[in-house]
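A.B. asks: So that we are looking at the same thing, I have put the structure below in structure tokens.
Please treat every number below as a calculation from the coordinates, not as lab data. Predicted, not measured: the structure shown is a model, and the values here were computed from it. Every residue, glycine among them, receives a Cβ derived from its backbone with ideal geometry; neighbour counts consider all protein chains shown.
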């Protein structure tokens, strides 16, 4: 259950990117609609300045068009945002593939329903058929369509962005395959929705009518659930269908059918029509809470604090009240209330939110919003369009009533039940407001399923960031087959001892350039580091002070005599030459990571052709996406890295063709990969190929058996137990 909860939270977070775009789009639409309103222009005698045909009128009409294009294509933006947000890596590929998937889904669905289904029947269902992104008379799936294709593409991307194919199809492997499979997935999804969406769309339309006909009960439940889900971060998942689909209503505006409460409100603003309270209630209810309720709650907290502490909390409460009034951001006060008394939050505040929806609809308020219900939204989408459009004056009374209710109820509850609000129990100077992150951390929200502590992978990532001088000192990083390649802003902040504590075999630093050697496990470490930075930005930033608020995993030291793996004795074996060429000692390689033995002992071959074959009987355990390096484990336990060329990771796979995949079983002499030596040389990279026993410490010695000319299959290295 917790795993599902966390997945819903992750999905909700991906919504924030397009939602963050709504304020500027709404600002353009709101200002444009207000200042092209013929009644407003006539009332103030502005026909010569802002009337039809004037420059200002043209500018404000452009504002309307710019805002409208964002609201009209939100589904596509959600598809991109969901795919981008849920992709584990190479997010730009997932984003582009989501556009391909979205377009092919609609193309397939539109063609299918026109050619193979009964369109006359579908036209009878309110809100089912519409025009979407140039597709005429298709199923209008709204943001649901974008979210669904975003989920599908993110799944396909994470599954296939590292896929490998045979030589003949190698061009289509990896990230090149993601938009291809997304095209197929979008097409199949479009065909599926040609049959499924009429059922879903009809259900949504019918449910929307049920909510509309349920009157006060439906309105109350919307307001209550919306506010009650905020501590869990799931409110975005809840309200979005009401805002953007027929669940929030369907209305004809300026001759076109519009679906979703927010779309209806802004379409009516753009058309200078009176805004329907039935649509605006999903937004108007927040103004009494943000402008009246929470500032009153802050005042009640101030008056309930110890007199000697009031001066210390005055600035905190006053500042948070002004923020709530102007912008509608209530986090500090809201979560302080939640800490002090869950009943006050769920039993009083959320209940009053529900009643607020009922009241504003009854009063006929038509004020929308794009941000969070503060005075800024109130002015732009309420006052400026005019009272005849939005009936904004009807909200003044609820704002006053909610101010009184919140003050009286909060003051009584705080003093009656001795609630721990700011300034009541702290010593002078210690009072503070509480945050969303504190609440979620204390209640285990956003924690990985089945765990309340940091994972070993995140622990390593924290250590790496600290060793590199903190998150803010990190410019960028990538990895090759054996090492993290990092650019830092200030090389003097790098702590090599801390980096070694994360399991690094060595560090090479030249000013701002740092190479941290981990061997063949580096690709997983690099991926874990990217995931940690993306999913735990606050914890990542805390490494700037050289410490993390997350306690590292500390395991008791095991007695090696009790560890079966520690008792395993690796057998001696001989490794064959994987290439034709000249065998030389590692000391001759012009790369200190290899020549110094940091990666382990081994040998280098100066190849005469590009065929790389297996030097052992065993398993392929690692293949770099760029194809220039491969890791093997023999049947006797030797772990071997074959690294073709120096710095050839920068070729991004050009000139390399792999013939095996991770997990394959191989025999001595099996072809592993082919390298285009000419292409490597033309790119100005050495072709020296290193064969390294990366678990050298597990052996008493690694001996070079021959130097000079060798052929594939010749005895090359011997490892001794």
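A.B. asks: Given axes a ≥ b ≥ c from the Cα gyration tensor, I'd like to know whether segment 105-207 is rounded (a/c under 1.5), prolate (a/b larger than b/c) or oblate.
C.D. replies: Prolate, since a/c reaches 1.5 and a/b exceeds b/c.
A.B. asks: Inverting the mean 1/r over all pairs of different Cα atoms, compute the Kirkwood radius of segment 456-545 and quote it in Å.
C.D. replies: It is 12.5 Å.
A.B. asks: Okay, moving on. How much length is gained on full extension from residue 172 to residue 254, taking 0.36 nm per residue of separation minus their Cα-Cα distance?
C.D. replies: Details: separation 82, 0.36 × 82 = 29.52 nm, distance 4.79 nm.
Length gained, residue 172 through residue 254: 24.7 nm.
A.B. asks: On each of the three principal axes of the Cα atoms of segment 174-322, give max minus min coordinate, whole Å, ordered largest first.
C.D. replies: Principal axes ranked by extent give 69, 49, 30 Å for the Cα atoms.
A.B. asks: Give the Rg (one decimal place) followed by the Dmax (whole number) of the chain, computed from C-alpha coordinates and expressed in Å.
C.D. replies: Taking only Cα atoms of the chain, I get Rg and Dmax of 31.9, 98 Å.
A.B. asks: Would you compute, from DSSP H runs of 4+ residues alone, the mean residue ellipticity of the chain at 222 nm, taking -39500 (n - 2.57) per run and dividing by the full residue count, rounded to the nearest 500?
C.D. replies: On the way: 29 runs with 343 residues, N = 721.
For the chain, the value works out to -14500 deg cm²/dmol.
A.B. asks: Percent of alpha carbon pairs in segment 570-720 separated by more than 24 Å?
C.D. replies: 22
A.B. asks: Further, regarding this structure: How far apart, in nm, are two points set 7 Å out from the Cα along the Cα-to-Cβ line at residue 487 and at residue 49?
C.D. replies: Placing both labels 7 Å beyond Cα along the Cβ direction yields 5.1 nm.
A.B. asks: Helix 350-363 against the longest principal axis of the chain: what's the angle in degrees, Cα atoms only, rounded to the nearest 10?
C.D. replies: Orientation of helix 350-363: about 50 degrees from the principal axis.
A.B. asks: Okay, next question. With the Cα gyration tensor of segment 53-173 giving a ≥ b ≥ c as the square roots of its eigenvalues, does the rule (a/c under 1.5 for rounded; else a/b larger than b/c for prolate; else oblate) give rounded, prolate or oblate? Before the final figure, lay out each step's value.
C.D. replies: Numbers: a/c = 2.59, a/b = 1.40, b/c = 1.85.
Verdict is oblate for segment 53-173.
A.B. asks: Shifting gears a bit: Taking the 0 to 90 degree range and rounding to the nearest ten, how far is the long axis of helix 216-228 tilted relative to the main principal axis of the chain, both from C-alpha atoms?
C.D. replies: Helix 216-228 sits at roughly 40 degrees to that axis.
A.B. asks: Just how far, in whole angstrom, is segment 577-637 from segment 242-289 if you go by their alpha carbon centroids?
C.D. replies: Between the Cα centres of segment 242-289 and segment 577-637 lies a distance of 65 Å.
A.B. asks: Rounded to the nearest 0.05, what FRET efficiency is calculated for residue 501 and residue 698 with R0 set to 25 Å and r the Cβ-Cβ distance?
C.D. replies: Working: r = 21 Å, r/R0 = 0.84.
Calculated transfer efficiency: 0.75.
A.B. asks: May I pose another question? How long are the semi-axes of the equivalent ellipsoid of segment 76-123, taking √(5λ) for every eigenvalue λ of the Cα gyration tensor, in whole Å from largest down? Mind showing how you got there, number by number?
C.D. replies: Working: eigenvalues 185, 19, 8 Å².
Sorted largest first and rounded, they come to 30, 10, 6 Å.
A.B. asks: With a 10 Å radius around each residue's Cβ, average the other Cβ atoms per peptide and rank 659-669, 686-696, highest first. Mind showing how you got there, number by number?
C.D. replies: Numbers: 659-669: 14.7, 686-696: 22.3.
Ranking the peptides 659-669, 686-696 by packing returns 686-696, 659-669.
A.B. asks: Same structure, new question: How much length is gained on full extension from residue 667 to residue 682, taking 0.36 nm per residue of separation minus their Cα-Cα distance?
C.D. replies: 2.2 nm
A.B. asks: Ok, one more. Just subtract the alpha-carbon distance of residue 137 and residue 273 from 0.36 nm times their residue separation and send over the number in nm, one decimal.
C.D. replies: Values: separation 136, 0.36 × 136 = 48.96 nm, distance 2.55 nm.
That works out to 46.4 nm of additional length.
A.B. asks: Measure nothing fancy, just the Cα-based angle from helix 142-160's long axis to the longest principal axis of the chain, in degrees from 0 to 90, nearest 10.
C.D. replies: Roughly 10 degrees between the two axes.
A.B. asks: Further question: What whole-number distance in Å separates the alpha-carbon centres of segment 364-391 and segment 668-721?
C.D. replies: 72
A.B. asks: What list do you get for 646, 623 if you sort them by fewest beta carbons within 10 Å? The partial results should precede the final answer.
C.D. replies: Numbers: 646 21, 623 24.
Placing the least packed residue first, the sequence is 646, 623.
A.B. asks: While we're looking at this one, here's another question. Rank by packing, highest mean first: peptides 71-84, 19-32, with packing defined as the count of other Cβ atoms within 10 Å averaged across residues.
C.D. replies: The peptides rank, most packed first, as 71-84, 19-32.
A.B. asks: I'm a student and want to see the number: the projected area of the Cα convex hull of segment 149-233, averaged over all directions, in nm².
C.D. replies: Average of the hull's projected areas for segment 149-233 equals 8.4 nm².
A.B. asks: Now, a different point. Averaging over all projection directions, find the projected area of the Cα convex hull of segment 274-439 and quote it in nm² with one decimal place.
C.D. replies: Computing the convex hull of the Cα atoms and averaging its projections yields 9.0 nm².
A.B. asks: Under a point spin-label approximation (7 Å from Cα along Cα-to-Cβ), what is the residue 311-residue 180 distance to one decimal in nm?
C.D. replies: Label at residue 311, label at residue 180, 7.3 nm between them.
A.B. asks: Right, here's the next one. For the residues 282, 699, what sequence is obtained by ranking on other C-beta atoms within 10 Å, fewest first? Don't skip to the answer; put the middle values down first.
C.D. replies: Details: 282 27, 699 21.
Fewest-to-most Cβ neighbours within 10 Å comes out as 699, 282.
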